[in-house]
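Single-structure report; data block below.
The values are calculated or read from the model by the stated rules, or taken from the named source; none is laboratory data. Remember, it's a predicted structure, so these values are computed and weren't measured experimentally. Heads up, the Cβs are rebuilt from the backbone with ideal geometry, glycines too, and the neighbour counts pull from every protein chain shown.
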Amino acid sequence: MKYATSYEAGVTVVGPIHGVLYLMYVAALFRWFADLGWTFYRAFTAMALGALPLGGFLVDRWIRAANQRGSIGDRSTVQ
């Protein structure tokens, strides 16, 4: 945004909003990774992918796969 529009003030507004949204994403990952049947390594990988452009789409596929397996919310499948 800063380089595309040369609008420095937009960065001071959008930057903190983006940061808070990313922290909410990370908090949701740590809250739900056990319910998804993920290891800590996979949750950490999902956190790293969330920092990359379009990486969230891969994480979304992982969550959909866990949902189709029926493992979301089912603690009996967590090792």
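Worth a mention:
- Some residue of segment 38-48 being at positive phi and either surrounded by 11 or more Cβ atoms within 10 Å (Cβ to Cβ) or not acidic (Asp, Glu) (or both): no
- Single residue of 20, 11 found to be over 18 Å from residue 66 (Cβ atoms), more than 15 Å from the chain's Cα centre (by Cα) and β-branched (Val, Ile, Thr): 11
- Screening residue 67 with (1) at pLDDT below 85; (2) out of contact with any Leu (no Cβ under 9 Å at 6 or more places or on another chain) gives one miss only, at (2).
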